Amino acid sequence: MTAAPKQQSTSPLLKLPAELRDAIYTLALVDDEPIYISLPEPARPLSLREPALLAVNRQIRNETLPIYYGTNIFEPRSSVTTENFLRLLGSGRIALLKSLRAFARIGHCSRDGATAAAEIAWWKKWLLQRVTQWQQTFGEVLEAEAVHVPLLVGRDEWLWVPSSELREWVGEARDGRILWRKGEIGGV
């Protein structure tokens, strides 16, 4: 006795034109605010919580992954969380990322003058090293343009700059704050 062939059920969603499906996916998956990433301590099993729409079927997953990871802003809460998040994503989803925010806002400083300039240089060097380390660990699929770092450019005014452009910004200390402006710098 042979089993009857299974009927393939096609979702009404998949009968719509691709452009309309993309518009629906964008409405369902894209958030105006950053998606904050908090993962448990490494002692506990790590898993990503993706929207349920990404798990409906293979075709919908293939159509929604670039929208979800390529349009949203992801903001891990720490350096460790960033590394764990990237590890869980794997190279396929990392390649889709267009905006991964660094884990700390840098700009407030209690020092003035040369000490603050040294602190600025240290932070820039540290951030660039982290991005380079992530690229080495997770492959070249993690583009430096996708990793954004926050710079204080005025009183409580933050600007998210792609880490690939960080060398183009220079900082100076004023009133206990580090102010950044685009300019020429040598070295770091």
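The values are calculated or read from the model by the stated rules, or taken from the named source; none is laboratory data. Only a predicted model underlies this, so the values are computations on that prediction, with no experimental measurement involved. Positions of Cβ are backbone-derived with ideal geometry, glycine not excepted, and every protein chain shown enters the neighbour counts.
Ile120: at pLDDT below 70 and in a helix (DSSP H, G or I), yes or no?
Yes.
I'm trying to understand the selection: among the residues of region 75-85, which are surrounded by fewer than 20 Cβ atoms within 10 Å (Cβ to Cβ) and either part of a helix (DSSP H, G or I) or in contact with a Leu (Cβ under 6 Å, 6 or more places away or on another chain) (or both)? Result: Ser79, Val80, Thr81, Glu83, Asn84.
Given the condition in a loop (DSSP other than H, G, I, E, B), at pLDDT 75 or above and either aliphatic (A, V, I, L, M) or surrounded by fewer than 16 Cβ atoms within 10 Å (Cβ to Cβ) (or both), answer yes or no: does some residue in region 165-187 qualify?
As a first pass, look at region 165-187 and keep what is in a loop (DSSP other than H, G, I, E, B): 175-176, 183-187.
Among the residues that remain, those that are also at pLDDT 75 or above are: none.
No.
Considering region 47-72, and only residues there that are charged (D, E, K, R) and exposed (fewer than 14 other Cβ atoms within 10 Å of the Cβ), the residue that is farthest from Glu145 (Cα to Cα) turns out to be Arg58.
Within region 28-35, identify whether any single residue is touching a strand residue (DSSP E or B) at 6+ places or on another chain (Cβ under 6 Å), assigned by TED's automatic domain parsing to the domain that holds Asn84, at pLDDT 90 or above and within 30 Å of Ala102 (Cα to Cα), and answer yes or no. So far as region 28-35 goes, yes, one or more of its residues are touching a strand residue (DSSP E or B) at 6+ places or on another chain (Cβ under 6 Å), assigned by TED's automatic domain parsing to the domain that holds Asn84, at pLDDT 90 or above and within 30 Å of Ala102 (Cα to Cα).
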